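A.B. asks: Encoded as C-alpha cells, here's the structure I'll be asking about.
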Amino acid sequence: MSRLNIINYPDRRLYTIAKPVAEVDARIRKLVADMAETMYAAPGIGLAATQVDVHEQVIVIDTSETRSDLRVFINPQILKAEGSSVHEEGCLSVPGIYDRITRAERITVSALNTEGETFTLDADDLLAVCIQHEIDHLKGKVFVDYLSPLKQARIKNKLKKHLRETM
Ligand code: K1U
Ligand code: ZN
C-alpha cells in the first residue's frame, strides 16, 4: 500500500468531474487500499479519489470510533434524500477550515463494492453527511463552495498565507 498526495483547495483539479469506473479490477482495488491508508493516516473519516488526483468515482469512508469499519463506494448514486440537517464539516483538502453546512438528513445510496457487486445503504447522521460530502468531491464540488463569497475569499487568503509561511 502507498500513501497518496492530497490536493489542496483551491487547486483547479478539485473541480474535475470524476468518470464512472468501467470495471472493478485489481487497479481499482489497489486504489481503494491506497486511499484507505491515506485517509487513516491523514487522519480523516472519508476521502474521494478526486482528492488524490484520480478522476474516477471511488470513495472510502470510516466514521466508526474504532477506525475499523471501512466502507467503499464505487460509482455511488443517491437514490433518495429526505429532511435537512446542519453539520460542522471539515475537508482534508481544506486543512484547518470547518464550517456548518446544510445537507439531507437521511439518504439511500447505491454503489458497487470491491467485488463489483451492487449494494444499497440507508444512512443518517455523520455517515449521511460524509457520503454527501464525498459524492460532491466526485462531482467537482468542495464544501466551501456552499459558503458566501466573502467566506471563500477569507479561506483562500488564510490558506495562501499558511502556504507562504510553511515554504
Ligand atoms: O473529504 C474529506 O476531505 C474528508 C473529511 C470528511 C468529512 C468530515 C466532516 C464532515 C463531512 C465530511 C474529513 O475527514 S475532515 C477530518 C475529520 O473530520 C476528522 C478527522 C479525524 C477524526 C475525526 C474527524
Ligand atoms: Zn473533503
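A.B. asks: Using the Cα centre as the reference, give the magnitude of the dipole from point charges on the C-beta atoms of region 12-166 (Lys, Arg: +1; Asp, Glu: -1; all else neutral), rounded to the nearest 20 debye.
C.D. replies: Computed charge dipole of region 12-166: roughly 1040 debye.
A.B. asks: Restricting to DSSP loop positions (anything but H, G, I, E, B) with no more than 13 other Cβ atoms inside 10 Å of their own Cβ, which chymotrypsin sites (Phe, Trp or Tyr not before Pro) remain in region 73-137?
C.D. replies: Values: sites: PHE73, TYR98, PHE119; in loops: TYR98.
Hits after loop and neighbour filter: TYR98.
A.B. asks: How charged is the neighbourhood of TYR98? Take every other residue with its Cβ under 9 Å from the Cβ of TYR98, and add Lys/Arg as +1 and Asp/Glu as -1.
C.D. replies: Taking every Cβ under 9 Å from that of TYR98, the sum is -2.
A.B. asks: Please work out how much length the chain gains when fully extended from ASP25 to SER110, using 0.36 nm per residue of separation minus the C-alpha to C-alpha distance, in nm with one decimal.
C.D. replies: On the way: separation 85, 0.36 × 85 = 30.60 nm, distance 1.90 nm.
Value of the extension gain: 28.7 nm.
A.B. asks: So what is the calculated 222 nm ellipticity per residue for the chain, using -39500 (n - 2.57) for each DSSP H run with n of 4 or more, over all residues, to the nearest 500 deg cm²/dmol? Before the final figure, lay out each step's value.
C.D. replies: Working: 3 runs with 48 residues, N = 167.
Rounded to the nearest 500, the figure is -9500 deg cm²/dmol.
A.B. asks: Over the chain, what is the relative contact order in percent, taking alpha-carbon pairs closer than 8 angstrom and at least six residues apart? Walk me through the intermediate numbers first.
C.D. replies: On the way: 293 pairs, mean separation 38.6, N = 167.
Relative contact order here is 23 percent.
A.B. asks: Another question, if that's okay. Which whole-Hz couplings ³J(HN,Hα) result when phi for each residue of region 90-96 is put into the Karplus expression 6.51 cos²θ - 1.76 cosθ + 1.60, θ = phi - 60°, listed in order with x for Gly and Pro?
C.D. replies: Once θ is set to phi - 60°, the couplings for region 90-96 become x, 7, 5, 8, 10, x, x Hz.
A.B. asks: I'd like the GluC sites (Glu not before Pro) in region 67-167 restricted to DSSP loop residues with at most 12 other Cβ atoms within 10 Å, sorted by number. Mind dumping the intermediate values first?
C.D. replies: Numbers: sites: GLU82, GLU88, GLU89, GLU105, GLU115, GLU117, GLU134, GLU165; in loops: GLU105, GLU115, GLU117.
Filter output for region 67-167: GLU115, GLU117.
A.B. asks: Just want the answer: with Cβ charges of +1 for Lys and Arg and -1 for Asp and Glu, which residue in VAL129, ALA41, VAL52 is farthest toward the dipole's positive end in the chain?
C.D. replies: Most positive-ward Cα: VAL52.
A.B. asks: Add +1 for every Lys or Arg and -1 for every Asp or Glu among the other residues with Cβ under 13 Å from the Cβ of LYS160, and state the total.
C.D. replies: Numbers: positive: ARG154, LYS156, LYS158, LYS161, ARG164; negative: ASP11, GLU165.
In short, +3.
A.B. asks: At a Förster radius of 25 Å, what calculated FRET efficiency corresponds to the Cβ-Cβ distance of ALA33 and ASP11, to the nearest 0.05? Walk me through the numbers before you get to the answer.
C.D. replies: Details: r = 24 Å, r/R0 = 0.96.
It comes out at approximately 0.55.
A.B. asks: Please say if region 1-92 is rounded, prolate or oblate, where rounded means a/c under 1.5 for a ≥ b ≥ c the square roots of the C-alpha gyration tensor eigenvalues, and otherwise the choice is prolate for a/b larger than b/c and oblate otherwise?
C.D. replies: Numbers: a/c = 1.22, a/b = 1.15, b/c = 1.06.
Because its axes are fairly even, with a/c under 1.5, region 1-92 counts as rounded.
A.B. asks: List the residues whose amide H sits under 5 Å from the amide H of GLY46, counting only those 5 or more places along or on another chain, with H placed 1.01 Å from N in the peptide plane.
C.D. replies: ASP62
Here, each number is a calculation from the coordinates, and none is a lab measurement. All values reported here derive from a predicted model rather than from experimental measurement. Note that we place each Cβ from the backbone using ideal geometry, even for glycine, and neighbour counts take in every protein chain shown.
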